[in-house]
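A.B. asks: Once you've had a glance at the structure underneath, I'll fire off some questions.
The values are calculated or read from the model by the stated rules, or taken from the named source; none is laboratory data. Computed from a predicted model, the values in this text were never measured in an experiment. Please note: Cβ atoms are built from the backbone with ideal geometry, for glycine as well, and neighbour counts cover all protein chains shown.
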Amino acid sequence: MLRWFVTGSGGQLATAFTRVLEGEVFLSREDVLDIRDAEAVRAAVHAFAPDVLVHTAAYTDVDGAEADPETAEAINVAGTRNLVSAVRGTHTTLVYFSSDYVFDGAKGSPYVESDATNPLSVYGRTKLAGEDEVLSWVHGIVVRTSWLFSDTGRNFVKTILTAGRAKAAAGEPLTVVDDQVGSPTYAGHLAAAVDEALKQGVAPGLYHMAGGGYCSWCELAREIVQLAGIDVEVLPTTTAELGRPAPRPAFSALASERPVPRLPHWAAGVAEAVDRLIPLG
Ligand SMILES: NC(=O)c1ccc[n+]([C@@H]2O[C@H](COP(=O)([O-])OP(=O)(O)OC[C@H]3O[C@@H](n4cnc5c(N)ncnc54)[C@H](OP(=O)(O)O)[C@@H]3O)[C@@H](O)[C@H]2O)c1
């Protein structure tokens with residue numbers, strides 16, 4: 001039985017991992033282990049001696065990172081470096097999750113692992129720098145994923161269900177950005193595929209693992225309200241109209257040219273998340 005050390009245990013991806021992992025799992029909660037504390041990280045990792053360190057903890061507030069780049073850097077880059085330092089000299093495999101926001105979105109077709117990076121935002125730059133830290137470890141694995149959602153944590157599916165119901169009750173339409181396209185990824189599908197890749201003995205290195213296909217946020221919102229049976233019109237708007245602080249790639253769908261398990265289509269993930277959320281109201 002493998003020993004798993006999971007960082008960021010309150011997050012949506014960490015929660016998804018706890019549903020699929022078999023063996024002994026150490027969950028590092030933020031109040032127990034702040035990954036910025038190098039000594040605490042070293043002590044916790046050495047005490048547990050994991051076979052696999054699943055590093056999901058991150059500063060994930062894309063707009064917040066523009067206003068507070070120091071914190072984003074401290075968590076996403078230095079925090080990741082602390083984890084890499086803690087496993088040096090061991091046989092621990094370290095799995096890190098990066099983002100489609102390492103790309104600028106200009107390619108116009110799905111990005112594969114060999115494509116050049118060019119992050120537009122502070123968040124994207126810090127996630128890319130974190131990749132370099134992990135790839136400096138001989139047992140380091142970087143998994144780039146995108147547009148994560150689940151039935152737990154803060155995410156787009158839950159936001160649209162809440163906003164969609166409120167707009168439906170008010171008899172108003174919901175407006176959602178239609179000029180950003182990506183690959184929505186159900187956290188449960190990602191956790192299962194990463195678990196499968198590790199069981200298959202995937203080689204260290206860089207992999208793209210995201211929901212199959214791609215769509216815009218507006219198309220994703222329409223799928224969510226339709227599956228949930230919410231009678232609301234979803235109208236398209238533009239990134240410029242929304243005026244968010246962080247620039248985002250216009251087209252950041254991910255595909256893979258490497259031998260890793262493929263995830264189900266994004267719409268299958270939405271159906272599973274909505275199914276789990278609907279009984280909760
Ligand atoms: N969400 C996406 O759309 C997306 C897309 C591509 C890649 N990713 C990457 O996938 C990974 C998982 O994302 P997610 O959606 O599961 O994120 P999430 O739900 O925001 O979870 C991240 C977790 O990290 C914790 N954390 C933050 N700072 C920490 C620190 N200094 N020490 C320890 N823990 C800390 C957070 O705790 P608090 O909540 O208490 O701050 C939270 O529990 C991240 O690496 C992210 O960059 C996410």
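A.B. asks: With the condition kept exactly as written, say whether any residue in segment 172-181 is touching a Cys at 6+ places or on another chain (Cβ under 6 Å), within 20 Å of VAL274 (Cα to Cα), surrounded by 18 or more Cβ atoms within 10 Å (Cβ to Cβ) and at pLDDT 95 or above.
C.D. replies: Yes; the residues of segment 172-181 include at least one that is touching a Cys at 6+ places or on another chain (Cβ under 6 Å), within 20 Å of VAL274 (Cα to Cα), surrounded by 18 or more Cβ atoms within 10 Å (Cβ to Cβ) and at pLDDT 95 or above.
A.B. asks: Just a yes or no: is a residue in segment 6-16 surrounded by fewer than 21 Cβ atoms within 10 Å (Cβ to Cβ), within 14 Å of the ligand (Cβ to nearest atom) and over 18 Å from the mean Cα position of the chain (by Cα)?
C.D. replies: Within segment 6-16, none of the residues are surrounded by fewer than 21 Cβ atoms within 10 Å (Cβ to Cβ), within 14 Å of the ligand (Cβ to nearest atom) and over 18 Å from the mean Cα position of the chain (by Cα).
Yes/no matrix, rows are residues, columns are (1) of a type in the set (A, V, I, L, M); (2) in a loop (DSSP other than H, G, I, E, B); (3) touching a Phe, Trp or Tyr at 6+ places or on another chain (Cβ under 6 Å); (4) free of Cβ contacts under 8 Å to residues at least 12 places away in the same chain:
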residue	(1), (2), (3), (4)
VAL225	yes, no, no, no
LEU235	yes, no, no, no
ALA240	yes, no, no, yes
PRO247	no, yes, no, no
ARG258	no, yes, yes, no
PRO261	no, yes, no, no
VAL270	yes, no, no, no
VAL274	yes, no, no, no
LEU277	yes, no, no, no
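A.B. asks: Test each condition in (1) buried (at least 16 other Cβ atoms within 10 Å of the Cβ); (2) under 15 Å from THR80 (Cβ atoms) for ASP37 and report the one that comes out false.
C.D. replies: The number of the failed condition is (1).
A.B. asks: Out of VAL138, VAL122, I need the residue that is crowded, with 21+ Cβ neighbours inside 10 Å and away from the ligand (no atom under 12 Å from the Cβ). Which one?
C.D. replies: Just one listed residue meets the conditions, VAL122.
So that you can scan it fast, the table gives a plain yes or no per residue for (1) of a type in the set (Phe, Trp, Tyr); (2) part of a strand (DSSP E or B); (3) surrounded by 17 or more Cβ atoms within 10 Å (Cβ to Cβ):
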| position | (1), (2), (3) |
| --- | --- |
| LEU53 | no, yes, yes |
| ALA57 | no, no, yes |
| THR60 | no, no, yes |
| GLY64 | no, no, no |
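A.B. asks: Please count how many residues of segment 61-111 are of a type in the set (D, E, K, R) and either within 16 Å of the chain's Cα centre (by Cα) or within 10 Å of the ligand (Cβ to nearest atom) (or both).
C.D. replies: Selection size over segment 61-111: 3.
A.B. asks: So is VAL41 β-branched (Val, Ile, Thr), under 18 Å from THR185 (Cβ atoms), within 10 Å of the ligand (Cβ to nearest atom) and modelled with pLDDT of 95 or more or not?
C.D. replies: Spelling it out, it is not the case that VAL41 is β-branched (Val, Ile, Thr), under 18 Å from THR185 (Cβ atoms), within 10 Å of the ligand (Cβ to nearest atom) and modelled with pLDDT of 95 or more.
A.B. asks: Taking the condition of being more than 13 Å from the ligand (Cβ to nearest atom) and surrounded by 23 or more Cβ atoms within 10 Å (Cβ to Cβ), how many residues in segment 142-163 meet it?
C.D. replies: Adding up the residues that qualify gives 1.
A.B. asks: Would you mind telling me which numbered condition in (1) at pLDDT 95 or above; (2) of a type outside the set (Lys, Arg); (3) within 30 Å of LEU242 (Cβ to Cβ) LEU83 fails?
C.D. replies: Checking LEU83 against (1) at pLDDT 95 or above; (2) of a type outside the set (Lys, Arg); (3) within 30 Å of LEU242 (Cβ to Cβ), the one that fails is (3).
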